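The values are calculated or read from the model by the stated rules, or taken from the named source; none is laboratory data. Because the structure is predicted, anything quoted here is derived from the model rather than measured. No Cβ is skipped: glycine too gets one built from the backbone with ideal geometry, and neighbour counts run over all protein chains shown.
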Amino acid sequence: MNKFLIGLLLLISSSFAVAEIDPFEETNRVVYEFNETIDDNLLEPVSRAYKDNMPNFVQDRVSNFFGNLRDVTTLANQILQFKVEQSAITLGRIAVNSTVGLYGLFDVATEIDLTTTNEDFGQTLALWGVNEGPYIVLPLMGPSTLRDSAGLYVDLSSDANLINEMEDMGALSASTMNLIDKRVELLPVTDLIDQSDDPYITMRSSYLQKREFDIFDGNPPVTEDDEF
């Protein structure tokens, strides 16, 4: 059933032309406003309180710990993308940080130049030639495309997502702590988007540009518009 749903999503995705990147803008704006309401009243205040009141040492340990777990998902996608050298480096990162780095609490790997960039199944699908499809704003999850939505589903349900395998961490679940950690990283971006004339358009443009940057490993193809 899961494979059928993903296949259906990708089939629909391939039927949309690039010019039709946001055919659901009216609905997307409604979902965007819903997400903003939740974020303004819950996620952002909690994240800012965490950033302002939690000691930097603790924040760094939390970020490193979850970053180490996310590296496992990155490794799985690098393997699927046949990135042999990057896979070896990421595997080395996980091994070093999980042992010398005390289960990822300390990012020893970066200190010895074992660095990697995040990879997800949406990027893997792009490498396999799947069209990105229409732009979609997912409830609670934020900006996406049809291709990235399918990729997100795979990443979240995959055995490589070790965060799902963790037991609750006291009053907060591992998923909640991971969400807060990621939301803190986005605070500077949030401030810039909120200052724009149309935050929805700014969010859409920023997301699509970043995804292209990620998919092409920082070297997106030059288009005719870029030459002028």
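The figures follow:
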quantity: Helices (runs of 4 or more DSSP H) wholly inside the range 11-113 that include at least 2 residues being within 21 Å of the chain's Cα centre (by Cα) and among the acidic types (Asp, Glu); calculated: 25-38, 56-80
quantity: Any chance THR99 is closer than 27 Å to PHE216 by Cα and modelled with pLDDT of 95 or more; calculated: no
quantity: In the range 174-200, the residues that are surrounded by fewer than 16 Cβ atoms within 10 Å (Cβ to Cβ) and more than 19 Å from ILE38 (Cα to Cα); calculated: SER196, ASP197
quantity: Of all residues making up the range 188-220, the number that are without any contact (Cβ under 8 Å) to a residue 12 or more places away in the chain, closer than 22 Å to ASN131 by Cβ and touching a helix residue (DSSP H, G or I) at 6+ places or on another chain (Cβ under 6 Å); calculated: 1
quantity: Evaluation of GLU20 against (1) without any contact (Cβ under 8 Å) to a residue 24 or more places away in the chain; (2) loosely packed, with under 13 Cβ neighbours inside 10 Å (one fails), failing number; calculated: (1)
quantity: Among the residues listed as ALA95, ALA88, ALA49, the single one being among the small types (Gly, Ala, Ser) and more than 19 Å from THR115 (Cα to Cα); calculated: ALA49
quantity: Filter result for ASP120 (surrounded by fewer than 18 Cβ atoms within 10 Å (Cβ to Cβ) and among the charged types (D, E, K, R)); calculated: no
quantity: Hits in the range 141-150 (condition: surrounded by fewer than 23 Cβ atoms within 10 Å (Cβ to Cβ) and among the hydroxyl-bearing types (Ser, Thr, Tyr)); calculated: SER144, SER149
quantity: Pair list, Cβ under 6 Å, 6 or more apart: the range 36-49 residue farther than 22 Å from ASP198 by Cα, other residue β-branched (Val, Ile, Thr); calculated: SER47/ILE180; SER47/VAL184
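Residues checked against (1) of a type in the set (D, E, K, R); (2) at negative phi; (3) surrounded by fewer than 19 Cβ atoms within 10 Å (Cβ to Cβ); (4) out of contact with any Leu (no Cβ under 9 Å at 6 or more places or on another chain):
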{"residue": "GLN59", "(1), (2), (3), (4)": "no, yes, yes, yes"}
{"residue": "PHE65", "(1), (2), (3), (4)": "no, yes, no, no"}
{"residue": "ALA76", "(1), (2), (3), (4)": "no, yes, no, yes"}
{"residue": "LEU91", "(1), (2), (3), (4)": "no, yes, yes, no"}
{"residue": "PHE106", "(1), (2), (3), (4)": "no, yes, yes, yes"}
{"residue": "PRO139", "(1), (2), (3), (4)": "no, yes, yes, yes"}
